[in-house]
Amino acid sequence: MFYSILILLAIVLAIYLGEKLDINTGLVALAFAYLIGCFVLGMSIDELLATFPTKLFLVIFTLALFFNFAVVNGTLEKIAHLLLYKFRKQTKWLPLILYFVTALVSGMGAGFFTSVAVMGAIAMALCKTSGVNKLHASFAVSLGALSGANFMYSAHGVLFNSLLSETEVADQANLLTTDIFIVSFIYPIFIMLVLMFFDRKNNQVAKLNIEKAERFTKIQKTNILLIFLLMVTVLGIPMLANFMPENEIIQFINSRTDITLLAVVFAIAAYLLKLAGDKPKEIMTRIPWGTLWLVSGVGMLIDVAVEAGTIDLLASMINNMPAFIVPIAVTIIAGIMSIFSSTLGVVAPLMFPMIAGIAAPTGFSPSLIAVAIIIGAQSTALAPFSTGGSLILGNSGLSEESSKKFYSDLLYKATPIGLGFAIIATVILTFIL
């Protein structure tokens, strides 16, 4: 119990120091992992270093490396402009259109941070010319970026699969990752429809003012082809293996097909094809190094927490609640944690190991608990001091006075509304999953 409390305090202190002193939380967590692991729990240096999440590190690094080409050469931004231009006459459906376009851009490899930055700026500009509610557009961009990134072979999806593969539900990692994507893609559609319905009288939407997108350049067309080939390879080979179980060659290739390592091969091809144009160095500088160290450092501290029995203790505390509110409690805890920390770096690594310990005693499916964790954590992404909210606020282009009001709207309206929708979704899912 003492060790568990000590580690929980270390996690809270790491988050606090990271925010207060503007230090990467992962580095603070790494320091605590060393001090507590080696000097309190008696772990050896080798045992501590073995907790470094090498696979997780490679997942984030290699996918960012490959998909950064499409960001640097403008492919993804042009796709977004093209799609918005195509739907320029359906302006009353603009929030929903923004959601689908952002999800596509994010799922194609832009990931959450880049797609929010790109689409957030576009959305805020469109709100000024079309009269669409800024809060609704913010929901569309944030939830779209998250749902696209949660695709099984996109940034978050691969990361979730890697994290789940290290837990007691490893044999269900693929299923849980798929369920997370399906739910996180479908339920925001209902959120957008509800928001649009209740604001239909106030939403005076004018004609969408957007210029016709230029044609794709040769480099951009090649980049789209490479992304398509990567997805076909990752999705197609496992399908062939299922249809041809007796073909030894296909089975051999399938057993060695991994999106993490394939992304490196395709990135090298992109370098050879000079898809970054005259900005090859920008590909590496755009790697999310802060996220890498956040995930790695916190991941090591979470492994130390597992060693101390903290995860089992937290799971048992949740299980002491009345069974019917456990999924809701999981959603609320994940949502509150995510306001002050990262879903990828803190919430998922901390709560995924609890899935088996929560599911078994309560009788709920691991899928329900996993989905509750993620939709809860991602429901508060619009908090202004969370990544999504801060990026959208920063790209709003509002005056100082208007920016303060928008800040309040994101904090006191969008954040609780998002968490409320996640709770409702969790209640409904208890009868489905």
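The values are calculated or read from the model by the stated rules, or taken from the named source; none is laboratory data. Remember, predicted model here, so these are calculated numbers, not experimental data. Backbone-built Cβ (ideal geometry, glycine too); neighbour counts: all protein chains shown.
To keep it simple, each residue is scored yes or no on (1) under 30 Å from PRO238 (Cβ atoms); (2) of a type in the set (A, V, I, L, M).
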| position | (1), (2) |
| --- | --- |
| PHE66 | yes, no |
| THR75 | yes, no |
| LYS78 | no, no |
| THR102 | yes, no |
| ALA123 | no, yes |
| PHE139 | no, no |
| PHE160 | yes, no |
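Report, by residue number, each residue of the range 154-174 that is among the hydrophobic types (A, V, I, L, M, F, W, C) and part of a helix (DSSP H, G or I). Spell out how you get there, then give the answer.
Looking only at the range 154-174, we keep the residues that are among the hydrophobic types (A, V, I, L, M, F, W, C), and these are 155, 158-160, 163-164, 169-170, 173.
Within the range 154-174, ALA155, VAL158, LEU159, PHE160, LEU163, LEU164, ALA170, ALA173 qualify.
Look at the range 269-287: where a residue is over 15 Å from GLY74 (Cβ atoms) and a partner is exposed (fewer than 15 other Cβ atoms within 10 Å of the Cβ) and not hydroxyl-bearing (Ser, Thr, Tyr), sitting 6+ places away or on another chain with Cβ atoms under 7 Å, you get TYR271/PRO280.
Yes or no: the range 210-231 includes at least one residue that is part of a loop (DSSP other than H, G, I, E, B) and of a type in the set (Phe, Trp, Tyr). Yes; the residues of the range 210-231 include at least one that is part of a loop (DSSP other than H, G, I, E, B) and of a type in the set (Phe, Trp, Tyr). For the range 117-176, the set of residues classified as in contact (Cβ under 8 Å) with a residue 60 or more places away in the chain and among the β-branched types (Val, Ile, Thr) consists of THR129, VAL132, VAL141, VAL158, THR167, VAL169, listed by residue number. Taken over the range 321-353, the criterion of being outside any helix (DSSP H, G or I) and without any contact (Cβ under 8 Å) to a residue 12 or more places away in the chain is satisfied by MET321, PRO322. Restricting to the range 354-406, and then to whatever is modelled with pLDDT of 80 or more, of a type in the set (Ser, Thr, Tyr) and in a helix (DSSP H, G or I), can you tell me which residue is farthest from LEU163 (Cα to Cα)? Out of the qualifying residues, it is THR362.
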